[in-house]
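In what follows, a structure is listed as structure tokens, so that the remarks can point back to it.
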Amino acid sequence: MFKNNTQGYGWLSIVFHWTSAVIIIGMFTVGWWMVDLDYYSPWYTDAPHYHKSVGLLLIALTLVRLLWKLSQPSPQAQGKKWEKKSAKITHVFLYLLIFSLFVSGYLISTADDRGIDVFNWFSLGSLGRLFADQEDFSGMVHEYVAYVLIALASVHGLAALKHHFIDNDNTLVRMLTIKQQKEQK
């Protein structure tokens, strides 16, 4: 139940998946909202602080998730050959986009030589300004990568719904429950 097998995902993989999904959707929503805050908004400094803090925790979760994924067997994919290949490529791009958001967000936040305080627990140091217009260029990259990530995650979700409602397979069900799993000896 804890680990994956060739039939389905263990509960840890399921928790990683859905926690990441909720955080990514929430981060996108907050990011979209906070860019319109003005100096007089009570959230003007708090929203970016929480956005950065959660973003850094997300990258830590993603690193742990990736290590877990690499240490576990992958359940057998269902669908046509091109669907299986597309799913693998999509997952690689989802991870690359998350890491790109981390790098671009880090470069935005640390261009002024200040570190990033994570919920006032600890601070991630700055590498300083690495290139001209760092915060502007990185901000543009961060925005566009966020849109691409949300679009690709939406396609990912729609594909799971297609597998469930049209193909009538258990692709979606096995990411929602561990009931059908049987431990392999």
Residue check for Ala151: open to solvent by less than 40 Å² (accessible area, probe 1.4 Å), under 23 Å from the mean Cα position of the chain (by Cα) and farther than 22 Å from Ser53 by Cβ: no
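Run down Leu130, Leu70, Leu96, Leu66 and say which single residue is of a type outside the set (Ser, Thr, Tyr), without any contact (Cβ under 8 Å) to a residue 24 or more places away in the chain and under 23 Å from Ile178 (Cα atoms). Write out each step before concluding.
Details: Leu130 fails: under 23 Å from Ile178 (Cα atoms); Leu96 fails: under 23 Å from Ile178 (Cα atoms); Leu66 fails: without any contact (Cβ under 8 Å) to a residue 24 or more places away in the chain.
Checking each option against the conditions leaves just Leu70.
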Scope segment 107-127; condition open to solvent by 40 Å² or more (accessible area, probe 1.4 Å), in contact (Cβ under 8 Å) with a residue 40 or more places away in the chain and either assigned to a loop (DSSP other than H, G, I, E, B) or not hydrophobic (A, V, I, L, M, F, W, C) (or both); matching residues: Asp117, Phe119
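Specify which of the listed residues (Leu58, Leu67) is within 19 Å of Ile25 (Cα to Cα) and not hydroxyl-bearing (Ser, Thr, Tyr).
Values: Leu67 fails: within 19 Å of Ile25 (Cα to Cα).
Going through Leu58, Leu67 in turn, the sole match is Leu58.
Quick one: would you say Asp136 is acidic (Asp, Glu), touching an Asp or Glu at 6+ places or on another chain (Cβ under 9 Å) and either open to solvent by 50 Å² or more (accessible area, probe 1.4 Å) or part of a helix (DSSP H, G or I) (or both)?
Details: acidic (Asp, Glu): yes; touching an Asp or Glu at 6+ places or on another chain (Cβ under 9 Å): no; either open to solvent by 50 Å² or more (accessible area, probe 1.4 Å) or part of a helix (DSSP H, G or I) (or both): yes.
So Asp136 does not fit the description; no.
The values are calculated or read from the model by the stated rules, or taken from the named source; none is laboratory data. Not measured: the values here are computed from a predicted model. Cβ atoms come from the backbone with ideal geometry, glycine included; neighbour counts cover every protein chain shown. Side chains included, ligands, DNA and RNA excluded: accessible areas come from the protein's heavy atoms. Shrake-Rupley method; radii C 1.70, N 1.55, O 1.52, S 1.80 Å.
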